[in-house]
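The values are calculated or read from the model by the stated rules, or taken from the named source; none is laboratory data. Bear in mind the structure is a predicted one, so any value in this text is a computation, not a measurement. Please note: Cβ atoms are built from the backbone with ideal geometry, for glycine as well, and neighbour counts cover all protein chains shown. Note: areas computed on protein heavy atoms with side chains; ligands, DNA, RNA excluded. Shrake-Rupley method; radii C 1.70, N 1.55, O 1.52, S 1.80 Å.
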Amino acid sequence: MHHGYAKSIASLERAKRSLAGGVSSNVRAGDKPFPLYFERGMGSKLWDVDGNEYIDFVLGRGPLFLGHTHAGVIEATCKQLQMGQIYAAQHELEIELAERVCRIVPCADLVRFGISGSEAVHGALRLARAATGRKTVIKFEGQYHGWLDNILYSLGPDPTRAGEWDHPRTLAESPGQFDGEESHVVVLPWNHLPTLEQYLDQHRGEIAAVITEPVMCNTAVIPPLPGFLEGMRELCTKHDVVLIFDEVITGFRLSLAGAQGRFGIKPDLTIFGKAIANGMPISCLAGIEKYMRLIAAGKVGHGGTYNSIPPAVAGAIATLDALEQDEHAAYAAADRAGLALVDGLRGLAKKLNLPLVVQGYGVIFYLGFPKQGVALHEGQAITDYRTSLTMDQDLYSAFVSDIVGRGVRIIPRGNWFLSSAHTDDDVAATLEAAEAALIEVVVPAYEKAVQA
Ligand SMILES: Cc1ncc(COP(=O)(O)O)c(C=O)c1O
């Protein structure tokens, strides 16, 4: 039985009087049906202040690969908290974590820890520019690398302002971003090697780095087309450009060694956050010795009061323990639940005769509804930002509002995160709720369009 949202509504009203917009991140303001208030999480479940229970596929927007309140992570964190929170000095646990990451991650000869993914991206860009003596960075349309000024461009640009698909304009996402900075960020379409090749050929000696999510998780969970990442690697090597994999989402999720482990491609620098510590705040900048030695030698600046805080490091070590346990059984569990959902959603598309797009992996996948009149062929996928614009975002938002009311919490952008805590029962209950929400919201929308 649904208990309504009375307490959440009251809390949001109260919050708005002191907390800007009632939320602590603009992203959360877009939650559907509106920003809810939660008081407890355990395993795959989350409970809100009104007593509603949810099967959670938001999972902190990625970190909780082992589910909420994982016993091993909590125990290790609490144990360390009793020994002190912050020393502003070195401690043995940070060496243990650094050694573990260097052992696991192909490109990690040396690492530094921080708190957020955004600041680790900032460190990688600074390092690439310092190492090459060049200014320009290439990023891809539709990808997100954190909210800092120097890279917050063209995540979800208005297509009427974004230029030609193969020559996108670099568009700031927020007023107040430093005017002029965009001249140092070039935006290209993802999954299209010829445009990258042409750009690098025409701008020899000008490009410091190419930064990419190795799977485009922030738009439609788009996998790399065969040969795309391999080609990118070759081009960066040829032009002596630093290749940065932003693995804030894919890291410790797509495999223990992230996307670089799963696809067998070694970037020069890489960034982790989220799943590395199952909810504790820690990020990691890792890379090959050739570049990281500039930080090691103190030549390139990197700092932070909270870097490597002992409780977070303890939580990260406990997370890696759990991820490595029983021959990576956590990955098999999350993948199994995710693939069962992918199959089930595709089955619902057939049963209800709906043109749903379901793509990605087991551990993270995307669900979207094509706009009316968009003729998608069976099995057709979204391959870049521009093709993602064929999806009906308003219809998806209405679906999210409905399914949240049925006890399934999902992200309004369409990406679903899985954890090793999701069970067969969770999958069955989710598919039941999804069928009801599709019948309530999506079937009538398509029928109306046919009649019109
Ligand atoms: C790929 C990617 N990079 C960087 C970030 C920024 O990380 P943080 O939110 O920890 O600053 C995110 C956050 O969602 C992300 O998805």
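General observations
- Positions within segment 294-313 being in a helix (DSSP H, G or I), among the small types (Gly, Ala, Ser) and open to solvent by 10 Å² or more (accessible area, probe 1.4 Å), in sequence order: ALA296
- Selected residue (criterion: nearest to the ligand (Cβ to nearest atom)) from residues of segment 264-276 that are surrounded by fewer than 24 Cβ atoms within 10 Å (Cβ to Cβ) and closer than 19 Å to LYS139 by Cα: ILE265
- Residue within segment 209-227 that is in contact (Cβ under 8 Å) with a residue 24 or more places away in the chain, more than 23 Å from the chain's Cα centre (by Cα) and outside the structural domain of VAL342 (by TED's automatic domain parsing) present: no
- Yes/no for GLY60 being surrounded by 12 or more Cβ atoms within 10 Å (Cβ to Cβ), in contact with an Asp or Glu (Cβ under 7 Å, 6 or more places away or on another chain) and outside any loop (DSSP other than H, G, I, E, B): no
- Taking each residue of segment 1-23 that is assigned by TED's automatic domain parsing to the domain that holds GLY407 and looking for partners that are open to solvent by 40 Å² or more (accessible area, probe 1.4 Å) and part of a helix (DSSP H, G or I) with beta-carbon atoms closer than 8 Å, six or more apart or interchain, yields GLY21/ALA29; GLY22/GLU13; GLY22/LYS16; GLY22/ALA29; VAL23/ALA29.
- Residue in segment 316-337 that is of a type in the set (Val, Ile, Thr), farther than 30 Å from PHE113 by Cβ and open to solvent by less than 40 Å² (accessible area, probe 1.4 Å) present: no
- Residue identified as away from the ligand (no atom under 16 Å from the Cβ), in a helix (DSSP H, G or I) and more than 23 Å from HIS167 (Cβ to Cβ) among TYR291, TYR199: TYR291
- Evaluation of GLY279 against (1) crowded, with 23+ Cβ neighbours inside 10 Å; (2) within 22 Å of VAL241 (Cβ to Cβ) (one fails), failing number: (2)
- Some residue of segment 242-263 being outside any strand (DSSP E or B), basic (Lys, Arg) and away from the ligand (no atom under 16 Å from the Cβ): no
- Residue selected from segment 105-127 under the condition open to solvent by less than 20 Å² (accessible area, probe 1.4 Å) and away from the ligand (no atom under 11 Å from the Cβ), by the criterion nearest to GLU182 (Cα to Cα): LEU125
- Just one of the listed residues (GLU75, GLU99, GLU94) is surrounded by 13 or more Cβ atoms within 10 Å (Cβ to Cβ) and under 23 Å from ARG293 (Cβ atoms), namely GLU94.
- Restricted to segment 146-155, and to residues there that are out of contact with any Phe, Trp or Tyr (no Cβ under 8 Å at 6 or more places or on another chain) and open to solvent by 30 Å² or more (accessible area, probe 1.4 Å), the residue that is nearest to the ligand (Cβ to nearest atom) is TRP147.
- Exclusive hit being more than 17 Å from GLN359 (Cβ to Cβ), in contact (Cβ under 8 Å) with a residue 60 or more places away in the chain, part of a loop (DSSP other than H, G, I, E, B) and assigned by TED's automatic domain parsing to the domain that holds PHE57, set ALA421, ALA429: ALA421
- Some residue of segment 202-215 being assigned to a helix (DSSP H, G or I) and within 15 Å of LEU188 (Cα to Cα): yes
- Residue match in segment 225-232 (condition: away from the ligand (no atom under 16 Å from the Cβ), open to solvent by 40 Å² or more (accessible area, probe 1.4 Å) and in a helix (DSSP H, G or I)): yes
- VAL58 vs. criteria under 28 Å from SER397 (Cβ atoms) and of a type in the set (A, V, I, L, M): yes
- Among the residues making up segment 1-33, those that are on the phi > 0 side of the Ramachandran plot and surrounded by 13 or more Cβ atoms within 10 Å (Cβ to Cβ) are GLY21, GLY22.
- Members of segment 128-145 that are under 23 Å from the mean Cα position of the chain (by Cα) and either open to solvent by 10 Å² or more (accessible area, probe 1.4 Å) or away from the ligand (no atom under 16 Å from the Cβ) (or both): TYR144
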